[in-house]
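This report concerns only the one structure given below.
The values are calculated or read from the model by the stated rules, or taken from the named source; none is laboratory data. Keep in mind that what you see is a predicted model, and the values were worked out from it rather than measured. Ideal geometry is used to build each Cβ from the backbone, glycine not excepted, and the neighbour counts take in all protein chains shown. These area figures cover heavy atoms from the full protein model, side chains too; ligands, DNA and RNA do not enter into them. Shrake-Rupley method; radii C 1.70, N 1.55, O 1.52, S 1.80 Å.
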Amino acid sequence: ADAKDVPAAAAAAPPKAPVLKKGALYKRRGGFGALGADKWQLRYFALHADGQLSYYEQAVAELVDLNEAPRGAMNLGKGSSVAVDMKYPQAPHDFGFEVHGDADTWHIVGATEADRADWVKHLAAVPFVAVRGSLSHHHGANAGLSLS
């Protein structure tokens, strides 16, 4: 393909940072959607090396193109935090956590304790992200997990 065949916006767009972690999680809807019966939606999430956490409309990996614009994104860094062991009464599972980013808070639930623990571990590895709470009191494969 010749350079003239590439749209200017695509040629100028910087490449996205590498993905550190990706997978399906439940996210509580915000805005008017939070008032509806279906408050929790399965979405596909990606955590990038530059600290961007994004999610996509589709939840199935094969249907998600990480090069497309996400449905939502937040930047993690100074002032960001992850609150572990959140309890959401209407959530589809008991493995909740809360992510506080640059301008938003997302309420998220993993399908398993191992899933939540792995996401929290990766989020905690982003510079300046503080972790509140602990996974160490849970039993099972991740009992004793240290996030420090």
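Residues whose amide H falls under 5 Å from that of L135, counting only those 5 or more places apart or on a different chain, are absent, with hydrogens built in the peptide plane.
3J(HN,Hα) along the stretch 71-77, derived from phi through the Karplus expression 6.51 cos²θ - 1.76 cosθ + 1.60 where θ = phi - 60°, amounts to 5, x, 8, 9, 9, 9, x Hz, with x in place of Gly and Pro.
Accessible area ranking (1.4 Å probe, heavy atoms, ligands and nucleic acids excluded), largest first, for F45, F95: F95, F45. Close amide-amide hydrogen proximity is noted between A125 and no other residue 5 or more places distant or on a separate chain, at a cut-off under 5 Å (H modeled in the peptide plane; Pro and chain starts excluded).
In a DSSP loop and with at most 14 other Cβ atoms within 10 Å, the trypsin sites (Lys or Arg not before Pro) in the stretch 53-133 are R71, K78, K87.
Taking all Cα pairs closer than 8 Å and separated by 6 or more residues, the relative contact order of the stretch 19-132 comes to 25 percent.
Computed 3J(HN,Hα) for the stretch 82-91, one whole-Hz value per residue from the Karplus formula 6.51 cos²θ - 1.76 cosθ + 1.60 where θ = phi - 60°, is 10, 9, 8, 6, 7, 10, 10, x, 9, 5, glycine and proline marked x. Here the Karplus curve 6.51 cos²θ - 1.76 cosθ + 1.60, taken at θ = phi - 60°, turns the phi angles of the stretch 110-119 into couplings of x, 6, 9, 4, 4, 4, 4, 4, 5, 5 Hz, with x standing for Gly and Pro. Sorted largest first by accessible area at a 1.4 angstrom probe radius, with every protein chain in place, the residues D65, D118 fall in the order D65, D118.
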